[in-house]
1. Could you tell me whether residue 414 is part of a helix (DSSP H, G or I) and buried (at least 19 other Cβ atoms within 10 Å of the Cβ)?
2. Among the residues of the stretch 368-411, write down those that are surrounded by fewer than 24 Cβ atoms within 10 Å (Cβ to Cβ), under 26 Å from the mean Cα position of the chain (by Cα) and farther than 15 Å from residue 309 by Cα.
3. Which of the helices (runs of 4 or more DSSP H) contained wholly in the stretch 81-154 include at least 2 residues that are within 14 Å of residue 192 (Cβ to Cβ)?
4. Here are 340, 402: which of them is at pLDDT 95 or above and out of contact with any strand residue (DSSP E or B) (no Cβ under 7 Å at 6 or more places or on another chain)?
5. If you go through the stretch 55-73 one residue at a time, do you hit one that is farther than 30 Å from residue 272 by Cα, modelled with pLDDT of 85 or more, surrounded by 12 or more Cβ atoms within 10 Å (Cβ to Cβ) and under 30 Å from the mean Cα position of the chain (by Cα)?
6. Of the conditions (1) under 30 Å from residue 232 (Cα atoms); (2) surrounded by 14 or more Cβ atoms within 10 Å (Cβ to Cβ); (3) at pLDDT 95 or above, residue 174 fails just one. Which one is it?
7. With a cut-off of at least 2 residues that are closer than 30 Å to residue 160 by Cβ and touching a helix residue (DSSP H, G or I) at 6+ places or on another chain (Cβ under 7 Å), name the strands (runs of 3 or more DSSP E) lying wholly within the stretch 179-257.
8. Can residue 223 be described as more than 30 Å from residue 320 (Cα to Cα) and either buried (at least 20 other Cβ atoms within 10 Å of the Cβ) or at pLDDT 95 or above (or both)?
């Protein structure tokens, strides 16, 4: 049978990552980003038998048009065991501390929150900000009223006297937030340690418009200062299995995140072709591609895209922890940018499929459905669907009447290009 309606609007994507995950993480951490609803799909011709599942991709393979600082310890610290082990490990890795230093640092940082809240209560409008001194490890607070110093010290903070209250600094920033800034002005912020509002300007692109903005900002308050930077910030995005990416006007789906990018189907693009992400932002370039014979590829992404160990599943993310192959007869599910999350059973392994563009061997056969645009998408199985299986290649039928879909085992792609699967 041919594929179903190739003009069906793809599934709306959920927030970039669940707050409970490592995302945003970037595992469950960074701010959530909403997915777009994928639209404007290229019309695709129907094929009989097994066909490839990319939407609107044209490649040199003649793929059909529908191929879519350590601190000193103090006796007042709570027991180190109260600090979660994963936080201690992260602090060791990223701050260059040993285990004891990391535990002490994290405990002290947590205590600083209580000290700051206590000082805010006694300082009132004279509160001028708070920060942890990297030399002493103690919380320092700024005060505009010297009469509040004794109470602040009694709460456990070191004290310094400042000119501007935090309320005043925040007010100045709020006014700046109402202004339209030129691109060479990269941002502004309250800097508590210097008791100023810092306006950052890219010195490499600074122009008359930036100078005018700076002049206006300084006119708002004497607390405004300028800091020159050498780079402008850009948005950062997550790479997630099942999400769409584009090759020109064609669309395919991300398979799995790997070191430096992601793996997908080979028929989606040839080496050197550029890709854009689900949001049509420049994403990367095909660094390797094999089709026919095989049907795998990998895309090397730019610094704006971060590989995450996730596969999209109906509004949530599944975390990939390994790549143990499921047995024939096992339940298996796939994620794609056209039809979302679909499940079935593994029917056979090491099948050769004869596409019009040439045969592909070593594929796994399933009775899960798929449609154009799902090509390259993720297949997962095992407990919690945590085991990566492969990337959608092609098939027959559709998700209205059912069908047969084949996938390229992920291990072959990882081995061929020396890649490491991103796991959680």
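1. Numbers: part of a helix (DSSP H, G or I): yes; buried (at least 19 other Cβ atoms within 10 Å of the Cβ): yes.
Yes, satisfied.
2. Correct list: 382, 383, 409, 411.
3. Details: elements: 85-95, 99-123, 149-154.
So the answer is 99-123.
4. Values: 402 fails: at pLDDT 95 or above.
Result: 340 is the single residue among 340, 402 that is at pLDDT 95 or above and out of contact with any strand residue (DSSP E or B) (no Cβ under 7 Å at 6 or more places or on another chain).
5. From the stretch 55-73, those farther than 30 Å from residue 272 by Cα are 69-73; that's our starting set.
Imposing the further condition that a residue be modelled with pLDDT of 85 or more reduces the set to none.
No, every residue in the stretch 55-73 fails to be farther than 30 Å from residue 272 by Cα, modelled with pLDDT of 85 or more, surrounded by 12 or more Cβ atoms within 10 Å (Cβ to Cβ) and under 30 Å from the mean Cα position of the chain (by Cα).
6. Against the list (1) under 30 Å from residue 232 (Cα atoms); (2) surrounded by 14 or more Cβ atoms within 10 Å (Cβ to Cβ); (3) at pLDDT 95 or above, residue 174 comes up short only on (2).
7. Working: elements: 185-191, 196-202, 224-229, 237-241, 244-247, 250-253.
Per the criteria, 185-191, 196-202, 224-229.
8. Details: more than 30 Å from residue 320 (Cα to Cα): yes; either buried (at least 20 other Cβ atoms within 10 Å of the Cβ) or at pLDDT 95 or above (or both): yes.
Yes.
The values are calculated or read from the model by the stated rules, or taken from the named source; none is laboratory data. As the structure is a computational prediction, the values presented were derived from the model and not from experiment. When we count neighbours, we look across all protein chains shown, and the Cβ atoms used for this are built from the backbone with ideal geometry, even at glycine.
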